[in-house]
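Below is one structure; the comments refer to it alone.
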Amino acid sequence: MKRYWSFGLIFIVFVIFCNIGRAQISGRDIMLKVEKQQEVKSRIVKSKMILVNKQNKTRERDVLQYTKSVNDPKGIDDKILVFFEYPADIRGTGLLMVSYSDSKKDDDRWLYLPALKKVRRIAGESKNEYFMGTDFTYDDMGGRGIDQDTHKLLGEETIDGVKCYKVESIPVDNKDIYSKKIGWVIPDKWVHLKVDFYDRKGQLIKTLKAEDIRNVSGIWLQFNLEMNNYLANHKTVLKILEAKLNVPIDDQIFTTTALERGGIK
């Protein structure tokens with residue numbers, strides 16, 4: 001089962017769809033449609049990441065991400081490799097993720113920190129921790145299986161002048177960091193425009209918003225995303241600089257060895 005993506009770096013989306021003037025379809029059927037729209041064999045994405053703290057001071061990072069659809073007989077679904085290329089103090093820091101078609105099976109994750117010269121496996125219980133000072137958790141960074149949530153259509157709503165369809169997504173795992181997510185989607189493009197994240201107490205803690213949505217080789221991508229973390233008074237902005245789809249990527253880069261050497265050389 002393919003994963004759906006909500007941001008320019010990793011492309012996780014929480015979306016809904018209903019036909020105006022026609023019978024509504026189920027939330028799960030909607031997610032399958034989103035999945036289909038995003039199907040590619042591979043992606044190479046270069047991004048600018050901007051971290052903004054409560055004093056409005058910024059830190060910039062350059063990020064390179066490789067993603068490959070695998071469909072391995074062992075149940076491997078997708079492989080993702082993310083590297084920081086700038087600034088110098090974190091250059092070479094990388095995250096390798098392997099997702100599985102079985103929604104009950106946790107993703108495998110490995111983090112490499114050049115200063116320690118060591119690959120560290122990220123345990124399943126650590127998936128709700130925040131990644132490298134950003135406002136994305138390790139679980140946010142990977143793909144999310146459709147059946148890891150139950151989806152309920154809530155209706156139609158206009159966001160920033162754009163008519164969207166709205167869905168409530170509730171995690172099946174009651175240990176998930178979020179109690180629910182409310183997502184808005186532009187149905188004609190099948191991309192997410194906004195997502196609200198709620199903690200286990202039902203409090204709104206984060207909002208992800210997308211801008212600059214473009215079509216690349218028949219696939220709609222969000223080229224500008226902003227995650228606002230209300231609890232930390234902090235935000236993370238992601239701006240895609242370059243996106244290549246369906247280009248050859250060697251399987252050997254999705255290994256801990258490649259993680260240690262900084263990817264493709």
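Here, each number is a calculation from the coordinates, and none is a lab measurement. Note that this is a predicted model, so its numbers are computed, not measured. Every residue, glycine as well, gets a Cβ built from its backbone with ideal geometry; the counts of neighbours run over all protein chains shown.
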Degrees separating the helix 27-37 axis from the principal Cα axis of the chain, which is the longest one: 50
Two-site FRET efficiency, A115 against V172, from Cβ-Cβ distance with R₀ of 41 Å, rounded to 0.05: 0.65
Listed residue pairs exceeding 19 Å between alpha carbons, taken from K127/K206; K33/K209; K127/K244: K33/K209; K127/K244
Distant-in-sequence amide H partners of S179 (H built 1.01 Å from N, under 5 Å): Y198, D199, R200, G202
Modelled label reach - R28, point 7 Å along Cα→Cβ, the range 140-168 residues with backbone N closer than 20 Å: 144-155, 166-168
Net +/- balance of residues flanking H234 in space, Cβ distance below 12 Å, scoring K and R +1, D and E -1: +3
Distance histogram for the chain (every C-alpha pair counted, 10 angstrom bins, percent rounded to whole numbers): 7, 31, 39, 19, 3, 0
Neighbourhood net charge (14 Å Cβ-Cβ; Lys/Arg +1, Asp/Glu -1) for Y86: +2
Size of the range 117-163 as Cα extents on the principal axes (Å, biggest first): 49, 26, 13
In nm, spacing of pseudo-spin labels at D102 and Q203 (7 Å Cα→C-beta vector): 3.7
Estimated dipole of the range 3-261 in Debye, rounded to 20 [Cβ of Lys and Arg +1, of Asp and Glu -1, Cα centre]: 320
Most to least packed among 168-176, 223-231 [average Cβ atoms within 10 Å]: 223-231, 168-176
Additional length obtainable on full extension of the chain from L245 to E260, 0.36 nm per residue less Cα span: 2.9 nm
Highest-first arrangement of 235-247, 92-104, 183-195, where packing means the average Cβ count within 10 Å: 183-195, 92-104, 235-247
Most to least packed among 199-207, 143-151 [average Cβ atoms within 10 Å]: 143-151, 199-207
